[in-house]
Amino acid sequence: MAEPAYTVASDSETTGEEKSSSPFPEIAIGIDIGTSQCSIAFWNGSQVELMKNTRNQKMMRSYVTFKDEIPSGGVSNQLSHEHEMLSGAAIFNVKRLIGRVDTDPVVHASKSLPFLVQTLDIGVRPFIAALVNNVWRSTTPEEVLAIFLVELRAMAETQLKRPIRSAVLTIPVSFSRFQVTRIERACAMAGLHILRLMPEPTAVALLYAQQQQQTVHENMGSGSEKIALIFNMGAGYCDVAVTATAGGVSQIKALAGSAIGGEDLLQNMMHHLMPNSESLFSSHGMNEIKSMALLRVATQDAIHKLSSQNSVQINVDLGTGSKVSKMVTREEFEEVNRKIFEKCETIISQCLHDAKVDTEDLTDVILLGGCSYIPKVRDLVRGICKKEELYKGMNPLEAAVCGAALEGAVTSGISDPFGNLDLLTIQATPLGIGVRADGNNFVPIIPRNTTMPARRDLVFTTVRDNQTEALIIVYEGEGEKVEDNHLLGYFKITGIPPSPKGVPEINVCMDIDASNVLRVLVGVILPGSQHPAIPVMEVRLPTVDDGHGWCAEALHRAYGSTLALETVQKKI
Amino acid sequence: MIDMASASSSLASSFSSSSAFIGSKVILNEIYSQPTRVKFHPLRISAAACTSTAERTRTHHIASSPGSLYEVLGIQMGATFPEIKAAYRRLARVLHPDVATINGQNENTAYEFMKVHEAYETLSDPEKRADYDRTLFRQRRPLSSQFSISGLATTMANSPRPNSGFPGYSTRRGWETDQCW
């Protein structure tokens, strides 16, 4: 599809190498692609600066409209009205669609958006299309993101008057490695080289580390360790991190996240105002799209108002003869979204637990993202963290992109005479990585929240006598059963010397290097021997392509448990 | 891919030499057949001293005679938790691959950083530290599994990964053909 783009990308790779040896290395920019809004920032030589588009906006809407011959995105395109974005011609919320299969509940939730999200529920990528002159024009989330990134890049190049090759992007904590490959692909299509992909709250943690270090410099005090909880809830994702910071080093203690956000609050509210809305809009006719847009805008408006007032009157004529006229209170809004707010609490508690941090150890609680303006969200974060005061030193919408730009400058090797870039983030794995073993179980080898770079191994064995082959099926996630996790890839070990079951030692080693590349190494050893029975396999993951939803099922149908693995009980 | 092939073969060859892949048993014997030496290093604060600490730690590993976890962090056995944390951070600032790349160190410091982090993980956890201290005194095998991991890592770190042959192999994301598109 976009083959030439890769050539461009590999070209930029070499240019990057040459540049870094020159006295003026290229400084990578920071990009925060949000579900709803996006922004771009760069290190201007003394501090991080947010870029503005020609309409003087720092926050640009994340959408691409296909209404004209050449698709245009929220960076350059001027919306005459909010409804224009909801006409069916524009694709948005791609961050909730990218790298997901059509059985994913998040994809299903996107079916009530004005553009087309078609699912066949067989575990393949969903079909998405924009309505242009009464024709559904198909596209992909990667393409939409790439178009948007091209606009961002062009804007940055015009303003900085230099070519932009490298970038640091922020991603949600809950993104699987497969989703990451889709982001990488979109960047490759846009000719951008990804220097780092940072989970959003870890970018914020870096900004926090810098701010704390500056405070230390000013007060000439000692750099005692500060522990902060970062809660970031935007339109599409809710992310939490606990970070320990001292002397410019930010150590990520734990990460937790989920695909819940303002979009869910909005959809629940729309459903509350018009219980049959989903079935009504499912046909995606011209009139239905119009009604849907009207309801969406009115609901969004009401939710914003409920952040500052206790009740709001909604009056909206949906055109097709139906009207919504209702008084909504803040309590009602909170009750309708009770499950979302409970989930937020669970994520925070889990993150604190994983970090082995008590609430009294928290120096600061940082609340960010579009949802941070919602009183209920503020209350629940304050409640769980037992902190009256929230951290005030950051702009809730700009912190993540500023952190990404800082990381961009740091990893580009820029040094600052005032020590403002004397920073380091020690990252942790947001999800566990393991293999299928002991029946249908997911056995993690690198657990969640392991400090990166990391290397761990675990010994498995055969389940049958004279089993000469074994399937290594690699998953990422937290579920106990494999189907609750993301499939990353699979390969077969062959030539295991025939021996009784349980005898061969199959050592599965997983390695995540400094640039977050995952490799799986598998070696087979027979007891008593000091030599590997067969050459070691080294596989770079993920290897799965689209349609990975049914790969695991197909493998199971083809092989059953004949090539299965079992964990070896650790002998002490 | 070229680097993968050579990496595998070097792993396989290091197998036969040290059989590290077998995991805990062999490696533990290797480590603990040597007398456990506990050196007392005074805490150093300056940046220059910091670098020297790191380098000293590195030579230890390359000579494949890893000392105690205290030695890895360059601290005294009775070090306080803030001292342990400070030592960890100081070493991270030198050994973390992100920093090491910028400073133009060609060596792959990822392994050393992992080693330092493992030492820190054990020593910063009061229970694990107490367990470790006991094993240190008795000079017996520790129960934790981390030694098999680091053992395997040793072979990997010592195996010559051809960083130069492939642009940005270890520290930068490359456009690799085997990436799934």
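The values are calculated or read from the model by the stated rules, or taken from the named source; none is laboratory data. Because the structure is a prediction, the values reported are computed rather than measured. Neighbour counts are summed over all protein chains in view; Cβ atoms, including those assigned to glycine, are modelled from backbone coordinates with ideal geometry. Calculation scope for accessible area: heavy atoms of the full protein, side chains included, ligands and nucleic acids excluded. Shrake-Rupley method; radii C 1.70, N 1.55, O 1.52, S 1.80 Å.
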Q: Could you tell me which of the residues A:G30, A:G88 is part of a loop (DSSP other than H, G, I, E, B) and among the small types (G, A, S)?
A: A:G88
(Q) Which count do you get for residues in the stretch A:101-128 that are open to solvent by 20 Å² or more (accessible area, probe 1.4 Å), on the phi > 0 side of the Ramachandran plot and touching a Gly at 6+ places or on another chain (Cβ under 8 Å)? (A) 0
(Q) I'd like the full set of residues that are without any contact (Cβ under 8 Å) to a residue 40 or more places away in the chain and not in a loop (DSSP other than H, G, I, E, B), limited to the stretch A:307-322. (A) A:S311, A:V312, A:Q313, A:N315, A:V316, A:D317
(Q) Would you confirm, using the coordinates I've provided, whether A:E478 is within 28 Å of A:M198 (Cα to Cα), at pLDDT below 95 and surrounded by fewer than 20 Cβ atoms within 10 Å (Cβ to Cβ)? (A) yes
Q) Of A:S21, A:S87, which residue is at pLDDT below 50, open to solvent by 20 Å² or more (accessible area, probe 1.4 Å) and farther than 30 Å from A:Q214 by Cβ? A) A:S21
Q. Out of A:V410, A:V365, A:V401, which single residue is over 30 Å from A:I472 (Cα atoms), in a helix (DSSP H, G or I), away from every other protein chain (no Cβ under 14 Å) and within 25 Å of the chain's Cα centre (by Cα)?
A. A:V401
Q) Considering A:E288, A:E332, A:E278, which residue is over 19 Å from A:V381 (Cα atoms), touching a residue at least 12 places away in the same chain (Cβ under 8 Å), in contact with a Phe, Trp or Tyr (Cβ under 7 Å, 6 or more places away or on another chain) and open to solvent by 20 Å² or more (accessible area, probe 1.4 Å)? A) A:E288
Q.
For the stretch A:222-252, give me each residue that is open to solvent by less than 10 Å² (accessible area, probe 1.4 Å), within 14 Å of another protein chain (Cβ to nearest Cβ), assigned to a strand (DSSP E or B) and of a type outside the set (S, T, N, Q).
A. A:A244, A:V249, A:I252
Q. How about the stretch A:380-398: which of its residues are touching a helix residue (DSSP H, G or I) at 6+ places or on another chain (Cβ under 9 Å) and part of a helix (DSSP H, G or I)?
A. A:L380, A:V381, A:G383, A:I384, A:C385
Q: Pull up the stretch B:116-139, narrow it to residues that are of a type outside the set (F, W, Y), open to solvent by less than 20 Å² (accessible area, probe 1.4 Å) and touching a helix residue (DSSP H, G or I) at 6+ places or on another chain (Cβ under 6 Å), then point me to the one that is nearest to the other protein chains (Cβ to nearest Cβ).
A: B:V116
Q: Go over the candidates A:D32, A:D68 one by one and state the one that is open to solvent by 10 Å² or more (accessible area, probe 1.4 Å) and touching a helix residue (DSSP H, G or I) at 6+ places or on another chain (Cβ under 8 Å).
A: A:D32
Q) Does A:F175 satisfy the condition of being away from every other protein chain (no Cβ under 14 Å), under 30 Å from A:T103 (Cβ atoms), over 14 Å from the mean Cα position of the chain (by Cα) and among the aromatic types (F, W, Y)? A) no
Q.
Residues that are at pLDDT 95 or above and within 30 Å of A:R448 (Cα to Cα): list the strands (runs of 3 or more DSSP E) wholly contained in the stretch A:109-204 that include at least 1 such residues.
A. A:166-171, A:193-199
Q: Scan the stretch A:413-448 for residues that are in contact with a helix residue (DSSP H, G or I) (Cβ under 6 Å, 6 or more places away or on another chain), away from chain B (no Cβ under 14 Å) and surrounded by 23 or more Cβ atoms within 10 Å (Cβ to Cβ) and jot them down.
A: A:R436, A:F442
Q: Return a yes/no flag: does the stretch A:547-554 have any residue that is surrounded by 15 or more Cβ atoms within 10 Å (Cβ to Cβ) and either within 13 Å of chain B (Cβ to nearest Cβ) or at pLDDT 90 or above (or both).
A: yes
**Q.** Selection count where residues are farther than 28 Å from A:P500 by Cβ and either touching a Lys or Arg at 6+ places or on another chain (Cβ under 7 Å) or open to solvent by less than 20 Å² (accessible area, probe 1.4 Å) (or both), scope the stretch A:449-465
**A.** 5
Q) In the stretch A:489-538, what count of residues is obtained for those that are outside any loop (DSSP other than H, G, I, E, B), open to solvent by less than 30 Å² (accessible area, probe 1.4 Å) and more than 9 Å from chain B (Cβ to nearest Cβ)? A) 10
Q.
For the stretch A:510-536, give me each residue that is among the hydrophobic types (A, V, I, L, M, F, W, C), closer than 30 Å to A:T170 by Cβ and touching a strand residue (DSSP E or B) at 6+ places or on another chain (Cβ under 9 Å).
A. A:M510, A:I512, A:V517, A:L518, A:V520
Q) Does A:S76 meet the test of being closer than 13 Å to A:F148 by Cβ and surrounded by fewer than 19 Cβ atoms within 10 Å (Cβ to Cβ)? A) yes
(Q) Among the residues that make up the stretch A:489-496, is at least one of them under 23 Å from A:S174 (Cα atoms) and in contact with a Pro (Cβ under 7 Å, 6 or more places away or on another chain)? (A) yes
